[in-house]
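Read-outs throughout are calculated quantities, based only on the coordinates presented, and are distinct from any laboratory measurement. Just so we're clear, the structure is a prediction, and the values are computed from it rather than from any experiment. Ideal geometry is used to build each Cβ from the backbone, glycine not excepted, and the neighbour counts take in all protein chains shown.
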Amino acid sequence: MESSDVELDLQRSVQAVLRELSAHAPALQSNQGMGRWSLHKKVERDPAKSPALVRILLRELEKAESEDLRHVIIPLLHTLMYVLTKATGITEELYQRTYTFCTRLLTLPTPYCTVALDCAIRLKTETAVPGTLYQRTVIAEQSLVNELYPYQERVFLFVDPELVSASVCSALLLEIEAAQEQQTPEACMRHVVSHALQAALGEACQAGVLHRKLQASPRCTLERYFHAVVAAVEQMASEANPSRAGYLERLEEIYSSLLGPAAAAGGRCGGKSGGRVCRGCGPPGAPESSAGAAWSGRAPGAARGGEVAARRSSAGTWQDWGLRRWAIRRDLLDHPFPICATAKGVCPPPRLALCILAECQGRPDGSGPSLYPQESVTSRHPELGELATFLGRADPWYESTVNTLCPAIHKLAQMPPCLDTSRAVDPFILDVITYYIRMGTQPIYFQIYTVKIFNDLSQNPTEDIFLSELKVKIQESKLLKDGFSSKRRGVAEGPGAELSLCYQKGLLSHRPREVTISLRAAGLVLKAIPASDTEVSGPPPCLPTAAPFTDHTCLNVSVTEVVKSSNLAGRSFSMVTNTFRTANIQIQSQDQRLLTLSLDKDSRRTFRDVVRFEVFPCPEPCSGSQKSKTLWLNSQGQKEVETAKVKPRPLQMPINTFSGIVQ
């Protein structure tokens with residue numbers, strides 16, 4: 001294909017992505033996310049197209065900046081960085097233009113300046129020391145042991161068989177099996193060496209000859225060159241003002257030592273780096289499945305080196321299935337939003353592709369029966385859909401690349417497996433997950449709330465937590481302990497119960513005010529996640545915030561009040577919904593009508609026969625310790641210490657997105 005034809009084809013693909021970002025028609029919305037995936041596939045199958053795609057994306061970014069089309073800036077920037085990290089043959093001029101563009105975005109508000117700063121830092125390193133980003137990604141994800149870059153990342157997929165259909169699980173595990181057939185530590189080391197030499201030497205590197213030499217090298221030789229390349233890259237990247245000339249000279253020495261002086265000299269006399277480098281570092285003409293494992297989703301990248309048990313669904317049952325370097329876990333059975341701990345403390349923000357893993361069971365249009373005789377996923381675990389919906393409203397790129405791919409994943413899982421083992425298989429599910437893991441680095445913070453539940457005011461309460469919703473229902477009348485009904489006690493008949501509410505009202509002046517009221521209510525709902533686009537773009541009190549916690553984080557409380565009226569026909573009752581916001585609240589039944597609490601719409605966390613409950617932000621462990629100390633001498637000359645206890649910081653759960661909240 002001619003150069004002009006290549007650019008025209010890539011330009012059409014980029015325009016398709018831009019149309020998806022602005023699409024409002026259901027027909028276009030249903031295919032959102034596929035454009036990004038298809039675009040990346042084009043350059044992965046033919047890496048020689050990468051420079052052309054970089055020029056097109058950079059041109060579109062500069063156009064969006066000049067026309068103030070901010071809704072496309074972050075998606076295009078993420079797409080560009082994803083290509084730059086894997087590509088070779090990118091000129092210094094393109095790197096410099098991209099870096100300059102990112103620095104101009106620093107004048108924009110959050111999240112544009114936040115994403116741009118992260119990209120600018122990575123670009124500065126990559127420009128000075130080509131190949132650094134790719135090398136660090138592979139080393140961290142594949143747990144390649146070395147001394148100079150010892151970081152190893154682990155990401156766990158929490159898979160609940162009640163949330164994910166058997167067909168989706170089977171499709172995911174088939175992709176994992178296909179990846180593992182080609183993936184070895186030796187292959188990863190070859191990719192790192194090959195990519196670093198090609199990124200630094202450009203057309204002077206004979207990619208085909210280099211690949212054949214690396215393939216023929218024994219492990220001990222391969223490890224030696226791997227450690228030499230890592231040392232050259234990391235030592236240069238650690239310098240304040242790295243010398244690009246010195247770096248190139250060092251990699252030329254490694255290249256000459258590996259290929260021999262004659263072959264290396266031949267490459268510098270005009271040999272062109274035209275070999276097929278799948279996902280940045282594969283052999284010429286090699287099939288996709290064998291060349292790209294170190295970068296793509298078919299590698300154990302989504303697990304990032306995790307070595308735990310996996311479970312496989314077969315004929316409706318789950319069986320233990322050991323995977324050497326992959327991790328799929330069913331640990332989401334007790335709590336839908338687990339918080340992992342590591343030896344160094346709390347792990348980085350969890351990157352939860354909620355919609356991908358939780359809403360793939362219905363028909364592609366979201367209606368109809370699920371794959372089981374049982375009730376649908378959304379009716380059993382609707383809080384996952386609610387959270388994913390909020391993330392999609394807050395971050396349009398999350399909506400396009402995560403939420404809208406559910407129909408595609410469902411259709412893919414229903415397709416019969418390919419029996420032609422010679423044909424390379426595109427690991428769609430793994431590619432989607434790993435793109436989210438790598439590029440979703442901007443957290444949205446959600447307040448975790450504690451609820452104290454009293455079944456008896458004379459006993460200690462039960463404690464639990466919730467993230468999205470607490471729902472209160474009024475139970476049917478019950479006999480009191482003395483055997484008399486509430487009616488005989490003279491309590492007014494009618495729906496609902498007399499409740500006493502005490503809460504802290506949030507004011508725009510930031511001065512909280514205690515409010516105590518009594519009313520008759522048929523039920524309450526406490527929402528911690530905004531339920532509409534108005535609330536997402538509204539004032540700070542209704543938003544999870546990426547900034548440190550402030551007193552503005554609050555619950556949205558909806559009370560269904562029972563209003564009694566009298567007329568000639570007798571008494572009648574009507575329902576009126578009142579809403580307000582608060583940081584904490586205490587509710588108690590005043591007429592012995594008992595309450596039922598449901599946390600996060602989880603039937604396993606339902607509490608009955610409740611007479612009182614209290615809700616407040618969950619405190620961060622150990623954050624309320626003694627903070628300040630003052631020493632002085634008293635009248636007897638003795639030293640005294642005054643300690644001041646600070647208010648504990650509320651515990652927040654970060655979920656990473658591509659942008660954070662886009663205002």
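Can you order the peptides 236-248, 649-661, 512-524, 52-64 by their average number of other Cβ atoms within 10 Å per residue, highest first?
Details: 236-248: 13.6, 649-661: 21.6, 512-524: 15.4, 52-64: 18.9.
The peptides rank, most packed first, as 649-661, 52-64, 512-524, 236-248.
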If amide hydrogens are placed 1.01 Å from N in the peptide plane, which non-local residues have theirs closer than 5 Å to the one on Leu555? Thr582, Ala583
Using alpha-carbon positions, what is the distance between the centroids of the stretch 438-453 and the stretch 197-233, in Å? 43 Å
For the pair Glu92 and Gln235, how long in nm is the line joining their label points, each one 7 Å along Cα→Cβ? 2.2 nm
Pairwise label distance in nanometres, Ile465 with Ser558, each label 7 Å out on the Cα-Cβ vector: 2.6 nm
If R₀ is 30 angstrom, what is the calculated FRET efficiency for the pair Arg649 and Glu514, using the beta carbon separation as r and rounding to 0.05? 0.85
Charge sum, other residues only, whose C-beta stays under 13 Å from Cys502's C-beta, Lys/Arg counted +1 and Asp/Glu -1: +1
Pair Phe607, Asn455: separation of 7 Å Cα→Cβ label points (nm): 1.1 nm
Inter-part distance where the stretch 570-598 and the stretch 61-123 are each reduced to a Cα centre, Å: 51 Å
Which pairs break 19 Å Cα to Cα here: Lys601/Lys647; Lys49/Lys86; Lys471/Lys647; Lys527/Lys564? Lys601/Lys647; Lys471/Lys647; Lys527/Lys564
From the phi angles alone, apply the Karplus equation (6.51, -1.76, 1.60; θ = phi - 60°) to the stretch 405-413 and give each ³J(HN,Hα) in whole Hz, x where the residue is Gly or Pro. 8, 4, x, 5, 5, 4, 5, 4, 5
What's the long-distance tail for the stretch 84-148, i.e. % of Cα pairs beyond 17 Å? 48 percent
Residues meeting the amide H criterion for Thr606 (H placed from the backbone, H to H distance under 5 Å, 5 or more places apart or on another chain) are none
Note the full-extension length gain between Met415 and Ala216 as 0.36 nm times their separation in residues minus their Cα-Cα distance, in nm to one decimal. 67.8 nm
Can you list the HN-Hα couplings for the stretch 443-455, worked out from phi with the Karplus curve (6.51, -1.76, 1.60; θ = phi - 60°), rounded to whole Hz and with x for Gly and Pro? x, 10, 9, 10, 6, 8, 10, 9, 10, 9, 10, 10, 8
Long-range amide H contacts for Val159: which residues qualify at under 5 Å (H placed 1.01 Å from N, peptide plane, sequence gap of 5 or more or a different chain)? Arg329, Arg330, Asp331, Leu332
